[in-house]
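Peer 1: One structure, pasted below without further comment.
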Amino acid sequence: MKKVVTILLALLTALLLMSCSMAETAVSGIKFEPPVQADNLDTSSNKVVIYSGAEEYRNEYFMKRLTETFPDYEIVIEYMPTGNLAAKLAAEGTDTDMDIFYDLDFSYAGLVKQYLADVSAYDQSVYVDDCKVEDAHYLAATRNGGAVIVNPNVLAEKGIEEPTSYEDLLKPEFKGLISMPSPKSSGTGYMFVKNLVNAWGEEKAFEYFDNLNENILQYTSSGSGPVNALVQGEAAVGLGMTAQAVTAINDGANLKILFFEEGSPYSLYGYAIPEGKQNRKAVVDVFDFFYSTLVLEDKELYYPEQVFVNQVNNIANYPKNIPYGDMNNNTTEEKSRLLDNWEY
């Protein structure tokens, strides 16, 4: 009997270590403890509907973990692009089937915050400063950063030196060799526009893009287009997503990630509970699990760019100590205003 008890204790210890290891490797020295739940939460329904702007593989991982953790709950994850997600909530308000949303761009989340529950009880001291939400109607989940990415093989074939600044990209030798996402259809493309507007001023930034247009191979409809063009050898330079470039590098592509003086452009994405849904225990349980565990695991496995203090980036070939650019005033209104002036 004593031997059986010893074995059971060993197994229990191993399971506890496994459950804790992911969070501890992603973020060291911080405890993510949800607030104490109210005693009078509604337990009449165990169904939780999550709308997520995350990629399919991330949603599949979330679903797997939630099903393991809450076997008695009926959990549904619906993918919806971030703009559509915001439009849905704006149209439906608190009369929505959405219990939680995940990975909604901050600029959109700010527009619908009047429909969101107060989550100020969740400790935001765990976040780096630019990921803290002052009015606390949503919490940060993801930082999606961009970079200037080059294909060294194409540069060598064309006899072109590696660029060291955005101004270098205006040189005539880069004509037809630069791929950029269209800011009107891609959030990644817009990140670069907003970053340079903040760094240089609007007039100088738009004059720069007018000149850069002479060297553009193509404006892709999605943020993934430039890295795809680099991998295929069609472009020498791409303004693209850091995470996608790292994935391509880890798959064997010869690419190099560059950050210029203006820093890495980025967008922040958050998660929240629509007003009224915070009164249901199943919803609060799932939201608490995102806060304490799933967001951390998402950083460890897929999107390691810094959201939390003391966050450790463990993905192979992912840049360390990324110098982020100025992305202040990144609102939907500002985005609409700037894109009205975009001609390409």
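Peer 1: For a distance above 30 Å, tell me the whole-number percent of Cα pairs in the chain that qualify.
Peer 2: For the chain, the fraction of Cα-Cα distances above 30 Å is 41 percent.
Peer 1: What length, rounded to one decimal in nm, is gained on full extension from Asp168 through to Glu55, with 0.36 nm per residue of separation minus their alpha-carbon distance?
Peer 2: Full-extension gain reported as 37.3 nm.
Peer 1: Additional query: Quick one, what does Rg over Rh come out to for region 224-344 if you take C-alpha atoms and the Kirkwood Rh?
Peer 2: Checking Rg against Rh, the ratio lands at 1.04.
Peer 1: On to the next question. If I build a Gaussian network model for the chain, linking alpha-carbon pairs within less than 10 angstrom, which residue out of Glu297, Glu214, Glu161 has the largest mean-square fluctuation?
Peer 2: Glu161
Peer 1: Sort Met241, Met180, Met327, Met80 by Cβ crowding within 10 Å, fewest neighbours at the top.
Peer 2: If I rank by nearby Cβ atoms, fewest first, I get Met80, Met327, Met241, Met180.
Peer 1: Another question, if that's okay. Gaussian network model of the chain, Cα springs within a sub-10 Å range: biggest mean-square fluctuation belongs to which of Asn279, Asn330, Asn151?
Peer 2: With Cα springs under 10 Å in the chain, the top fluctuation among Asn279, Asn330, Asn151 is at Asn279.
Peer 1: Considering all alpha-carbon pairs of region 57-215, what whole percent are spaced by more than 25 angstrom?
Peer 2: For region 57-215, the fraction of Cα-Cα distances above 25 Å is 52 percent.
Peer 1: Show which lysines lie in cross-link reach of Lys158 when reach means a straight Cα distance below 16 angstrom and same-chain residues fewer than eight apart are skipped.
Peer 2: Lys171, Lys175
Peer 1: Size of the dipole of region 72-170 about the Cα centre, Lys and Arg at +1 and Asp and Glu at -1 on the beta carbon, nothing else charged, in debye to 20?
Peer 2: 200
Peer 1: While we're here: For the chain, give the share of DSSP beta bridges that are antiparallel, in percent and rounded to the nearest 5; count only bridges with both residues there.
Peer 2: Counting only bridges with both partners in the chain, antiparallel ones make up about 55 percent.
Peer 1: Here's another thing I want to ask about it. Let me see the pair-distance distribution of region 161-266: every alpha carbon pair, 10 Å bin width, integer percents in order.
Peer 2: For region 161-266, the binned pair fractions read 15, 51, 31, 3, 0 percent.
Bear in mind that the values in this text are calculations on the coordinates, not laboratory data. Keep in mind it's a predicted model, so treat the numbers as computed, not measured. Positions of Cβ are backbone-derived with ideal geometry, glycine not excepted, and every protein chain shown enters the neighbour counts.
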